[in-house]
Amino acid sequence: MKRNLIPIICIATLIMVASCKKFVDVGLPKNQLISSEVFADSTNANSALAGIYYSAISTYLGLNAGGLPLYSGLSADELTPTGSSTEPVQFYSNNILSNNNSNAVFWGGAYSSIYSANAIIQGVTASTGISAHAKLQLIGEARFVRAYEYFCLLNLYGGVPLVLSTDYKTTALMPRATIEQVYTQIVDDLQFAETNLGSNTGTNDRPNSLVASALLAKVYLYLAKNDLAATEATKVITSGNYSLEADPNNVFLSGSAETIWQLDLPYNHFTWIGQILVPTSTRAVPKYVINPVLLNSFETGDLRASSWINVNVARGNTFSYPYKYKSNVLASSTTEGYVLLRLADIYLVRAEAEVALGKLEDGANDINLIRARALLPGVEVSDAAQLLMAVQNERRHEMFCEEGNRWFDLKRWNLANAALGSVKTGWKPEAQLYPIPVNQISANPNLTQNPGY
Amino acid sequence: MKYFLYAIILFLPSRLLAQTVTGNVRSADNEPMPGVTVAEKGQNNITTTDEKGQFTLKLIQQKATLRFTSLASEPLEIIYKGQTTIEAVLRPRNNSLDEVHVIAYGTSTQRTNVGSITKVSGKDLMEQPITNPLAGLEGKVPGLTVVQTSGVPGASVNIQVRGQNTLNADFTQAYAPINQPLIIVDGVPYAAQNGNVNQFSSLASPGIGPYNNNYGGISPMNGLNPADIESIEVLRDADATAIYGARGGNGVILITTKKGKLGKATLNVNLNDGESVIGHTMPMMNTQQYLQMRHQAFVNDGLTPNNIPFDPGYAPDLTAFDTTRYTDWKKYFLGNTAHNLNLNASVSGGTTNDQYRLATGYNQDTYITPGDFADNRATVSTSLHHNSENKRFSLDFTADYGYEKNNSSGNPALLAAYTLVPDYPALTDKAGNLIWNYNGVSLDGTSAQTNPAAYLKQLYNIQNISLNANLQLGYKIVDRLTFRTSLGYSTYNSKEYNGVPLASQNPEFSPQAAASFGNNDFMTWLVEPQLEYKASIKKADFDVLVGNTLEKQTNALSAVQGIGYSNDDLIQSISGSASQIASDQYSLYKYIAFFGRLNIKYDNKYIVSLTGNHDGSSRFGPSRQFGNFGSVGGAWLFNEEKLIRKTLPFLSYGKLRGSYGSIGNDNGGNYQFLPRWAPSTTAYGGVPGYIPQNLYNPDFTWASTKKLEFGIELGFLKDRVLISSTWYRSRTGNQLVTYSLPTQTGFGSVFQNENALVQNSGWEFVLHAAIIKKEQFSWNSSFNMTIPSNKLLAFANLANSSYSETYQIGKPLTEVYGFRYAGVNPTDGYFQFYDANGQLTENPVLPQGGSFQDFVPVSKGYPDFYGGWQNNFKYGQFQLDVFLQYAKQTGMNYLGSVYSFLPGLQYNQPVALQDEWKSPGQTAPLQVLSSQQGQALSSAQNFIQSSGVYSDASYVRVKTIAFSYTLPSGLLKKIQVQNLRIYISAQNLFTITRYRGNDPETQIFYGVPPLKTVSCGIQTTF
């Protein structure tokens, strides 16, 4: 009996050993894909791109989801908090602690988008199932996104690690690149995107060639390459794809003719920026009010002061709050998205470049287009310095509480100390750069903190 | 000698059937004893007594010795001298050496065990008024730390065997997941193990921040009724755990449920009813004390309190509230008496070949908070045993079902509600609606604190269904060779709800009603065929076990949030909301193992045990799935040596034992080796989005733990005193961690092996003594102590890793780092600290740039030593059990919590918080009060991260006192009841401690410390 048993056991064991390799193979996860599936064809690769925008809009007050206009507005002379919530007050008092979570969300969100962009560039390049033409299109869009994120990072933190790969072994200990290196990459990415993206995708929720031109115009302006800035701006303005909305109330609506690029929201959702700025009751104290310095600087009759600023009266006090984005509760349909680039901005980019190039008349014309929409009289063509002040003034009132424009402008005009030193108690020049989140400094010993933190 | 064991042997007229012997086995009080094993010594010839205590055994040898053994009795040997009927009387067991222990795939006794195993009996659990069986292990097992995360009903109990083995998986999370042991219930890994099963927060799961409850959650172990548990064995060393392979690296907890007992059917009913109140808490300021503190704060700031919103001097609590009003909010929110009701009934019985047990239980624990909150549990337990007439085939089936529903508030802020200022106005109107405005002040957090009665309206509930079933089939192929297979199935399904109705929100801000719905389902199945061969050759006993494990685990999580209900009455439905957000997760884990164990016992003196494992895990990439592990152990029962017996006659028992083994560890998530992308919850512009999930690394493989252990066990005075002492050391290397990376890589971490070595070592002592042993009065005492040590031995290139500011080589993994506190600066009144150079500073530097900067080790994060002391007194029909639990440790005191609500602002504070600095030159223990969030706030934030909030948290706790009276047998017979016991028991009655705070064990100020419970009950057996 025992003798019969031994072969049975042996055979049974052998069968088990043979099948055990198979047993521990659990296959692919049910609710997820792996990279090779994502880059099998252009439809799936396109979803990877959509994922970047989805992640951006779903981060509460993330960099591209209302966080930048809110927190940079507090850092600049645009917004004042009414509450004492610690983190926003740190932005307002220009004393951001390096463990500020909103600041960490900016940093992490940007690099998360950059990772996706890099993964798409790598995956699409290596893919065998995507046509050469589609590859250029997909890579172009990924490179545009990467450029946009670096543009934001650069203007918030200065030179940042220039990560262009998904290989953590090479990127984890990367030190900061210089501002010049980052800008060089941004320009390179945008030029590639401008060349390879289609001219018109029919919707404004995905970048096309003109979106790349618009951002390139801004980048050149920031780099003081005024002729290139004007050229790129002109491409956008003369494309005929965009026109200024007559009524400022329509500028931020989903169908706005003025929008060059916006991030779309899911069905019936509202923007985080609308939700945080617009009180849900007319009697409530808004969480943030327009800084009196900005409020008092609007010219009488400026349509923007009445269309883009709203007033609540509570406890006998008057509170003015930004009202560019108006939707703050779930509605029956989506009415707004995050407008990241719009035509008025590009007009003012061109105006500023033209003034710098000495084309004062052209510059004044562009400024006056924007002023006319606000029902304000045109500016006179005077000397360059005055016209520069006029364009700065116009940017301040046209672009307030929008994607960090005021904060970035003050810094590149070297006016931050002058403009903020007088209105912000405790202002210090080092506050122009936000701190690198402290846990990042910990995680990467090669990463240096900005001065003053 | 014969005092303990004796036999009455009757000589009856001899018949011709000399080779077959029959007999009766009875207990000392003359009751028939079913289920006693009767064996012919030296032969593999065994039978058991039937329900009448009778047996028949065909003897093999002419001159045989019969050995009678049972769980509860002293073994007895009777020499067969030709008598046809043997009458055996078994005495109750008087020491634990030969008590049966459940071990991996078998049983053993302490006497013959090589490994490190501690048994906690179901009786010990039942003496304590507990709902979660793990809570009953506290202080009872050396090497096992048990921490109740909260006194809230249903809250989790964290357990750890011999310290933390693995590094913090994600250093951006301040708290490492605890290495918890593998929990096996009746041979099946419990599906949900001991992780928290909740997805949403609640009173049981408040999270970090001021609640300081880092590991709190809803415990899945509540699905098991302690009344259904026969014993819990805690397996610690390599010899005991190696056979579980990768699953057992952090120790193993074997839970064995009660089984049917041979004999006529008995009905056991146990009813108890108790009440609980909150444990020790610190008193809070009354209105007068509070107002004084606030006014002082304004004086310090040079401000006058006023009623002007947004003015720095705005203080509605001083200017708009009725300052003559006083409410003790702590009493209001945490001062109720909770009610505990527990009813258990079981039927058990059986014949020689079939035994059964059926049991059901109901338990209700209400909350000490206002509101109709309670944890309700119903359980059903079944167990069936069958063996064929010839005893070759056997079948064992167990199934335990539990249903639990826990209602509470989904807003943990309720736990800190007693920071409410004592002159705060009434919370609700007569109709029960929340008051949101008082005297022009919004009571919603904008100008005064939020009305906390709102939290009572934000309901939470979780419903858990657990089922753990195992079918074990056995067939004796030939004598000595048995085939067995386990077919196990365990599932745990949890359904959760959290609602924030309109009625709980200030209507002034057009609020949105929202609700979350979650499901969390766990499933495990297991097939475990085994072959066991037992043989005796001369003086050597061989036991060979080979087996194979196939195990599959799944976990499916989903959550849906509904937002925008127009009517609160619809808030319990998903479809009533204006919009929904859904998410889900799924994971699958498969594990395969081939295992073998060889146990050789020679001459009852020398024991050798070897185990080997070939493990495969689905958590690793192709070609890295399999690993080989094993252990070797030995024991020497030296008191059996003639020389020792002669020279040390007082020694009745002596054993030296040791073991060494290597055990794999595959802890970590599933699918980690694949580059994964997950779909977005909603589409973007009509295109579904894919979001990358991880950095790609397919190269990681098994981590391994090497365990070494030596022990000595001694018995004196005929085993009336038993002492055991154990030294252990385990080293876990090639650590599997989510290695933290800067987010510039795109993610916060990557899963990989890390060349880091963690050591846990320590001493464990156990002393059992039967101090007094008289017929009428006895006193048994059992004391244990553990002295643990945890150390990071090595970490390759730590300085340049992302852990450079988390760990230090030579320090424990659990070490808390913080600023070195230097008291209050007498000049300006703010806290000051020592910087890295030993200089005083008010602005110390946080760790950064790969350096700890001004941080120094503050507290090692585990006790210096801990343990328990059990005493059992019996006097006639009375029994008293007193159990003390103790720990010597440091911990965070109340200052660490209260300074997160800056004293001087609109928060009430404990009365103990006084002696703040007031004027220059003053030496004060606490910093200046301030009504503003200025320097005082940043100074307080430094303070709560400093050694200033750590102090002694040692304690001795009278954990359980149980007093019972059993009716004498004469009286019982009259009322026709087999057994009747009346008892009263108390849990956490009082604690001796110098700890500054609420409770030295949980160290949580804004939370519920373990409750004080007193309960009375009656237990009857029919």
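Computed from the mean reciprocal separation of all distinct C-alpha pairs, what Kirkwood hydrodynamic radius does segment A:210-327 have, in Å?
Numbers: mean 1/r = 0.0600 Å⁻¹.
So the Kirkwood estimate lands at 16.7 Å.
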- Message: Just to be sure I understand the model, the point goes 7 Å from the Cα along the line to the Cβ. What's the resulting residue B:463 to residue B:288 distance in nm?
- Response: 5.2
- Item | Placed amide H near residue A:258: partners under 5 Å, 5+ positions off or other chain | A:243, A:245
- Task: From zero up to wherever the largest Cα-Cα distance of segment B:517-652 sits, split into 5 Å bins and tell me the percent of pairs in each.
- Result: 2, 8, 11, 10, 10, 8, 8, 7, 7, 6, 6, 5, 4, 3, 3, 2, 1, 0
- Message: How tilted is helix A:360-373 with respect to the longest principal axis of chain A? Cα atoms for both, answer in degrees (0 to 90, nearest 10).
- Response: 80
- Query: Computed FRET efficiency, Cβ-Cβ of residue B:345 and residue B:264, R0 25 Å: what is it to the nearest 0.05?
  - Reply: 0.90
- Item | Proximal aspartates and glutamates to residue B:811, defined as alpha-carbon separation beneath 16 angstrom and excluding residues fewer than eight positions away on the same chain | B:864
- Message: Using all alpha carbons of chain A, what is the percent of pairwise distances in each 10 Å bin, ordered from the shortest bin to the longest?
- Response: 4, 19, 29, 25, 12, 4, 3, 2, 1, 1, 0, 0
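Compute the orientation-averaged projected area for the protein assembly as shown from the convex hull of its Cα atoms and round it to one decimal in nm².
Reported value for the Cα convex hull: 59.1 nm².
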- On Cα atoms only, tilt of A:132-157 relative to the major axis of chain A in degrees: 60
- Square roots of five times the Cα gyration tensor eigenvalues for segment B:222-344, Å: 58, 25, 11
- Item | On Cα atoms only, tilt of B:287-301 relative to the major axis of chain B in degrees | 50
- Per the charge dipole of the protein assembly as shown (beta-carbon charges, Lys/Arg positive, Asp/Glu negative, Cα centre), the residue among B:481, B:149, B:516 reaching farthest to the positive end is B:481
- Using only alpha carbon pairs under 8 Å that are at least six residues apart, calculate the relative contact order of chain B and give it in whole percent. 11
- Message: Per residue of segment A:290-304, what does 6.51 cos²θ - 1.76 cosθ + 1.60 with θ = phi - 60° give for ³J(HN,Hα)? Whole Hz please, x for Gly and Pro, Karplus curve as stated.
- Response: 5, 4, x, 4, 6, 4, 6, 8, 5, 6, 5, x, 5, 4, 5
- Task: Sticking with the crude label model, points 7 Å out along Cα→Cβ, report the distance from residue A:43 to residue A:126 in nm, one decimal please.
- Result: 2.4
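Roughly speaking, what % of Cα-Cα pairs in chain B are separated by over 45 Å, rounded to a whole number? Walk me through the numbers before you get to the answer.
Working: 195744 of 521731 pairs.
So the pairs more than 45 Å apart make up 38 percent of the total in chain B.
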- Integer Hz, Karplus 6.51/-1.76/1.60 couplings in order for segment A:385-398, x for Gly and Pro: 4, 5, 5, 5, 5, 5, 5, 5, 4, 5, 4, 4, 8, 7
- Message: Multiplying the sequence separation of residue B:640 and residue B:277 by 0.36 nm and subtracting their Cα-Cα distance, what value in nm do you get?
- Response: 125.4 nm
- Message: To make sure I understand the rule: partners must be lysines, Cα under 19 Å from the Cα of residue B:706, and not fewer than 8 residues away in the same chain. Which ones qualify?
- Response: B:791
- Message: Can you give the FRET efficiency to the nearest 0.05 for residue B:994 and residue A:34, using r as the Cβ-Cβ distance and R₀ = 56 Å?
- Response: 0.50
- Counting only DSSP beta bridges with both partners in the protein assembly as shown, the antiparallel fraction in percent, to the nearest 5, comes to 95
- Note on the structure: Rounded to a whole number, the mean other protein chain Cβ count within 10 angstrom for residues of B:589-596 is 3
- In order over segment B:45-56: 3J(HN,Hα) from phi, Karplus 6.51/-1.76/1.60, θ = phi - 60°, whole Hz, x for each Gly or Pro, gives 9, 10, 9, 10, 6, 8, 5, 9, x, 9, 8, 9
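Given R₀ = 41 Å, FRET efficiency for residue A:101-residue A:385 by Cβ-Cβ distance, to 0.05? Each step should come with its number before you reach the end.
Working: r = 42 Å, r/R0 = 1.03.
The value I calculate is 0.45.
Values in this text are rule-based calculations from the coordinates and carry no lab data. Note that the structure is predicted; figures quoted are calculated from it, not measured. Methodologically, a virtual Cβ is constructed for each residue, glycine included, from the backbone with ideal geometry; neighbour enumeration extends over all protein chains shown.
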